[in-house]
1. Most mobile of 146, 131, 92 per a Gaussian network model of the chain (Cα springs, under 10 Å)?
2. If the elastic network links every pair of Cα atoms under 10 Å, which of 47, 25, 66 fluctuates the most in the Gaussian network model of the chain?
3. Could you give the distance between the Cα centres of the stretch 145-178 and the stretch 239-278, to the whole Å?
4. Can you pick out the pairs among 102/277; 92/146; 77/229; 102/146; 131/201; 102/201 whose Cα atoms lie more than 32 Å from each other?
5. Specify which labelled value, from (i) 133; (ii) 170; (iii) 114, agrees with volume of the Cα convex hull per residue in Å³ derived from the coordinates of the model shown.
6. What does the accessible area per residue of the chain come to in Å², with a 1.4 Å probe and no ligands, DNA or RNA counted?
7. Can you list the residues, at least 5 places off or on another chain, whose amide H is less than 5 Å from the amide H of residue 276, using H built in the peptide plane?
8. Using alpha carbons only, how many degrees (0 to 90, rounded to 10) separate the axis of helix 121-136 from the longest principal axis of the chain?
Amino acid sequence: MLIARTIDELRQHLGAFQRPAFVPTMGNLHDGHLDLVRRAVPLGDVTVASIFVNRLQFLPHEDFDTYPRTWDSDCEKLRNAGCDVLFAPDEKALYPEPQTCKVHPDPALADILEGHFRPGFFVGVCTVVMKLFSCVQPRVALFGKKDYQQLMIVRHMVRQFALPIEIVGVETRRADDGLALSSRNGYLSEAERAEAVQLSKALHGMADAVRSGERDLAGIETRAMEALKQRGWQPDYLVLRRRADLQAPSAGEPLVALGAARLGSTRLIDNLEIDAKL
């Protein structure tokens, strides 16, 4: 596996390829990331991953400085998963001057849910993804469905800018008990880890209510929020939205349940596409 530290090194190596398949990450890799890499291998003529902890998408009170950096382990995992090229720039290499040009996604999609509770988050995400796309120039890029809103926003950005990139969404990888794999799961204590699956269970409960014919969506959401609060969680949202644009559901449209909640000091997110319509 070749490791490129600068944009010039990366472009020099990728110049010989026509269809890079790309997986952007912030490192601290788990099986969900590696699943993306393994799925990328047959989709291109070279498999590229990046590791870059993007300061632009962290709010001042969030965990940029303490975000886990696990370089040696990450490199070994990527090699074993079939990665050909790892792009691992430092901040000076990717942002040689202050990044004053930024990508502002559609507020109708980006300022709700995660964007409401983390203002500016998706500006940081879109800016770094656009810059990484410019560096790698992939023909296909893979993102996990666990970050459901992020996936939708990246797809919208690619469509709006007519980028020649196919965006592939990959199903959420879960632990045996149903907890969505996340780099931040490592922050959980043993007791919190045992409790963490309740977020997934809450989403399944919301889906079951819809499947059973209940149509008071606000009531379903409120019950789910209260149930988590009673278990000691601090939920930001547990909502039912239409998959097309994450707006309030309309009759006959496919739904998705989305949730974000803090357990102790760790904020977890998850979602569940529902095989039922209003």
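The values are calculated or read from the model by the stated rules, or taken from the named source; none is laboratory data. It should be emphasised that the depicted structure is a prediction, and the values quoted were computed from it without experimental measurement. All Cβ positions, even for glycine, are placed from backbone atoms using ideal geometry, and neighbour counts span all protein chains on display. For the accessible areas, the whole protein counts, side chains as well, though only heavy atoms, and no ligand, DNA or RNA atoms are used. Shrake-Rupley method; radii C 1.70, N 1.55, O 1.52, S 1.80 Å.
1. Between 146, 131, 92, it is 92 that shows the largest mean-square fluctuation.
2. Most flexible of the set in this elastic network: 66.
3. Taking the Cα centre of the stretch 239-278 as reference, the centre of the stretch 145-178 is 15 Å away.
4. Working: 102/277 37 Å; 92/146 30 Å; 77/229 37 Å; 102/146 24 Å; 131/201 37 Å; 102/201 37 Å.
In this structure, 102/277; 77/229; 131/201; 102/201 lie more than 32 Å apart at Cα.
5. For volume of the Cα convex hull per residue in Å³, the calculated option is (i).
6. Values: 13070 Å² over 278 residues.
Here the per-residue accessible area is 47 Å².
7. 255
8. Result, in degrees: 30.
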